[in-house]
Amino acid sequence: MNARAIVVTSGKGGVGKTTTTANVGAALAKLGEKVVVIDVDVGLRNLDVVMGLEGRVVFDLIDVLEGRCKLRQAIIKDKRIESLHLLPASQTKDKESLDPARFKQTVQVLLEEEGFDRVLIDSPAGIERGFQTAATPAEGALVVVNPEVSSVRDADRIVGLLEAREVRENRLVINRLRPRMVQRGDMLSVDDVVEILGLKPIGIVPEDEQVLVSTNVGDPLVMRNGSQAGLAFMDIARRIRGEEVPFPSFEEKAGLFGALRKLFGGS
Amino acid sequence: MFWFRKKSKDTLKERLKLTLAYDRAQLPPGKVEQLKNDLIEVLQRYFPAEQKDLEVELEQRGEKMVLVANIPLR
């Protein structure tokens, strides 16, 4: 993706925006980019806990926008991955004080003066002011969607709104795919979602218990080894950087596992 | 037997395609139903024959949403 300021959004809540932001951010940093992830969900701050950085929050985005601290004072540097940074949301302040124009300016400063290669913006759910503000500095978007009725509908709406705001580089992240349900015909497949929304995916992330485990301890999945979701997030970061990474076929894998399971007498 | 059962995802796919068509056209589905009833009324003034098979549907044609009416005359 050419976009350096990317908003992570979905319309519907609970589909994995924050998980995606944390993991794609960490993955991009692991690949050598200087990255800052910004939490714009004022009043419902969560990116800090998902990333395990909650203990180090002193100032927040609103403090920066209102001049109570310098930009650098509010940015938390991750100690596990050198080039990963977090700009946390405010948990207490009024979200009305998040001014879109000033926010856009701040993102520009991060990219042009502070030397960041990429800014990932974690948008709040919904299509109202919080989302609009989050999308203001964005040149592109990761639209997170679950293969499920309300999420797909909301994703379509969000894509329309992004296009109306001239955010053009919009890519789909299909999250929480359950290959065995897809195989049974009880969940939309990747192809179905692509057909319905008319957007190509930049990532397909299978449902994975390790996502919860990683957020329990505050280590983004891509910092650990071997989980399917972690690998999928790593692939997303590579594709954002322009690498051609083939999509693994979870469907076939499920088939193979299913067959093996039967062979060994499982259910 | 499960392979004769209609897959639930196919039902969802049809529902979503229709829902998104109305969403994209910013048109409440009930309005099309009303339009259809009005059309039947008007058509019956000109063609008093039966108009049971009248279909009014939204269709995606490339970038555009199109309202399509199928009016069988006999």
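Laboratory data are not the source of any read-out in this text; all were calculated from the coordinates shown. Remember, it's a predicted structure, so these values are computed and weren't measured experimentally. Neighbour counts are summed over all protein chains in view; Cβ atoms, including those assigned to glycine, are modelled from backbone coordinates with ideal geometry.
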Select from the range A:1-56 the residues that are assigned to a loop (DSSP other than H, G, I, E, B) and either without any contact (Cβ under 8 Å) to a residue 12 or more places away in the chain or within 23 Å of A:E243 (Cα to Cα) (or both) and list them in ascending order.
A:M1, A:N2, A:A3, A:R4, A:L31, A:G32, A:E33, A:K34
How many of the residues in the range A:72-104 are in a helix (DSSP H, G or I), farther than 14 Å from A:P137 by Cβ and hydrophobic (A, V, I, L, M, F, W, C)?
1
Could you look through the range B:18-54, keep only residues that are in contact (Cβ under 8 Å) with a residue 12 or more places away in the chain and closer than 30 Å to A:E148 by Cβ, and pick out the one that is surrounded by the fewest Cβ atoms within 10 Å (Cβ to Cβ)?
B:L18
Name the single residue, out of those in the range A:133-158 being assigned to a helix (DSSP H, G or I) and closer than 24 Å to A:S97 by Cβ, that is farthest from the other protein chains (Cβ to nearest Cβ).
A:T133
Within the range A:111-123, residues crowded, with 23+ Cβ neighbours inside 10 Å and not in a strand (DSSP E or B) come out as A:S123
Condition check for B:L12: loosely packed, with under 14 Cβ neighbours inside 10 Å, without any contact (Cβ under 8 Å) to a residue 60 or more places away in the chain, within 21 Å of A:E148 (Cα to Cα) and within 14 Å of chain A (Cβ to nearest Cβ)
no
For the range A:159-177, name all the residues that are without any contact (Cβ under 8 Å) to a residue 24 or more places away in the chain and more than 10 Å from chain B (Cβ to nearest Cβ).
A:E163, A:A164, A:E166
Counted residues, the range A:178-233 - those being within 14 Å of chain B (Cβ to nearest Cβ), in a helix (DSSP H, G or I) and hydrophobic (A, V, I, L, M, F, W, C)
7
Set A:F59, A:F116, A:F103, A:F131: member being touching a strand residue (DSSP E or B) at 6+ places or on another chain (Cβ under 8 Å), of a type in the set (F, W, Y) and under 14 Å from A:D39 (Cα atoms):
A:F131
